[in-house]
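Comments concern the structure below.
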Amino acid sequence: MNRSNFLASSTFRLALLYVILFTVSVLLIFSFIYWSSVRYMATQSDSAIQTEIQTLAERYENRGVPGLRRLILDRITRQQPTGSSLYLLSDPLGRPIVGNISRWPQVTAEDGWLNFNLDTSDRDDPELHPARARRFQLSGGFQLLVGQDIHELKLAQRRIITALSWGVILTLFLGLAGGFFISRTMLTRLEIINETSQRIIAGDMKQRIPVSPRQDEFDRLSGNLNRMLDQIQELMDGIRQVSDNIAHDLKTPLFRLRQKLEAMNVEAGSSAGHTQVLQDALAEADRLLNLFNALLRIARLESESSKTAMTMLSLSELADDVAELYEPLAEEKQQSLSVETPQPISLFADRDMLFQALANLLDNAVKYTPKGGSIRLSLSSQEHSVIIRVCDNGPGVAVDQREKVFHRFYRTDTSRSTPGNGLGLSLVKAVVRLHDGRVSLLDNDPGLCVELNLPNTPER
């Protein structure tokens, strides 16, 4: 991917948006930290000044000007030459008595507080230092000024600003680098999906998206897409199989129909022969109609257009009705047909479709179960589902063919000599899928059990 495409990609824009939002959040946090720190230091400084004023005022009240003078001198002497504490005591006429500043600051007080620039020419540092002090009126007209050189405080504030600025810059840089890396990684994986999709569009249906062992969101997406492609491939194979089978299965009955119609024309003089040939032709026509009707029913089921017909029904009664329909056929082959319903079971389903599915299963069971065999239709209920089983002791279905028998027109080798079109189990699977259920083939030892697992929840 070239640079312009990368910058215009959604992943890069999302990463950039994330970086911007993250940077703004960091700025807000750092601003709060700076404001809190500066406010705390200023409050501590003002509190220290207030405490010192109270101490000096108490000394003045107890020992007068001499005692106050000695205390101030002691405080000035004990602090370093570059100490931050500021003192000035003046008489009622404003003349300095004692202190480490020579004159009163020529600034206007704000709520008793003075902010001024302190002349430090007498120190090693000749710069003007910012200072903050409070003026206090003593009894007798004496005035007291107590303050602090806040030069170090301002330096600390500037250091905090510098540190926070570098923190913001570093955060922005790391955010951009991380966003760029994440974007490149996501785009690389998306590009793999796009390239695979393009090859599939070009006609290579065997292509699949690589899946890494990490099993992250992209891997789960790739796995789902691969499963979807597998299903599409299976459907396309089924369509091709159906086309071939239709061409084969319809060619023969149509050819027979033509032959029989020709024979009817030749034997027109014989009334009995004419009638038999006509009946055979009609039978072949009926077979074709049944074939197309079955295909249409399956197509309608797969489109899920019949879900609106679902109602709560008695599955036990439905099973009895289907069994009653096939009892005469079973009796003709001396087969035993039983229905096992331990308790009345209700199911939210399409009655007609479910009846057709069970009828197809019983029809297959009667058709493939040998003479004197047994067929069992059983119902059972679980917590949120209903299990329907149709079991027989016929030839069964080989394990490697149990998925194939649900394909349209597919017939096992053992069933090719038996009349049928290979659509019975396809319709059953379509009905079960319409009901959001599962169908599976199980061993009956000997024979086969077809199990339908249908959810029993009207809300689905």
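Numbers for the structure displayed
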read-out: Any hit, region 152-171, residues being in contact with a strand residue (DSSP E or B) (Cβ under 6 Å, 6 or more places away or on another chain) and under 30 Å from V24 (Cβ atoms); value: yes
read-out: Of all residues making up region 47-94, the number that are among the aliphatic types (A, V, I, L, M) and under 60 Å from the mean Cα position of the chain (by Cα); value: 1
read-out: Members of region 125-143 found to be in contact with a helix residue (DSSP H, G or I) (Cβ under 6 Å, 6 or more places away or on another chain) and closer than 16 Å to Q50 by Cβ, listed by number; value: R134, F136, L138
read-out: Candidate set from region 340-383 (those that are β-branched (V, I, T) and in contact with a helix residue (DSSP H, G or I) (Cβ under 7 Å, 6 or more places away or on another chain)); member that is farthest from G394 (Cα to Cα); value: I345
read-out: Filtered residues of region 179-221 (kept if without any contact (Cβ under 8 Å) to a residue 60 or more places away in the chain, assigned to a helix (DSSP H, G or I) and under 30 Å from V26 (Cβ atoms)); value: F181, T185, T188, R189, E217, F218
read-out: Single unsatisfied condition, L164 versus (1) surrounded by fewer than 11 Cβ atoms within 10 Å (Cβ to Cβ); (2) within 30 Å of Q44 (Cα to Cα); value: (1)
read-out: Verdict on R132 being basic (K, R), in contact (Cβ under 8 Å) with a residue 40 or more places away in the chain and under 30 Å from R69 (Cβ atoms); value: yes
read-out: Residues of region 177-206 satisfying the condition of being over 25 Å from the mean Cα position of the chain (by Cα), modelled with pLDDT under 75 and surrounded by 11 or more Cβ atoms within 10 Å (Cβ to Cβ); value: M205
read-out: Residues located in region 161-177, provided they are closer than 24 Å to R13 by Cβ and in contact (Cβ under 8 Å) with a residue 12 or more places away in the chain; value: V168, T171, L172, G175, L176
read-out: Yes/no for A281 being under 22 Å from H435 (Cα atoms), part of a helix (DSSP H, G or I) and either of a type in the set (F, W, Y) or at pLDDT 65 or above (or both); value: no
read-out: Test result for S314, at pLDDT 85 or above, more than 26 Å from G373 (Cβ to Cβ) and in the same structural domain as C391 (by TED's automatic domain parsing); value: yes
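The values are calculated or read from the model by the stated rules, or taken from the named source; none is laboratory data. None of the values given here were measured: they were computed from a predicted structure. When we count neighbours, we look across all protein chains shown, and the Cβ atoms used for this are built from the backbone with ideal geometry, even at glycine.
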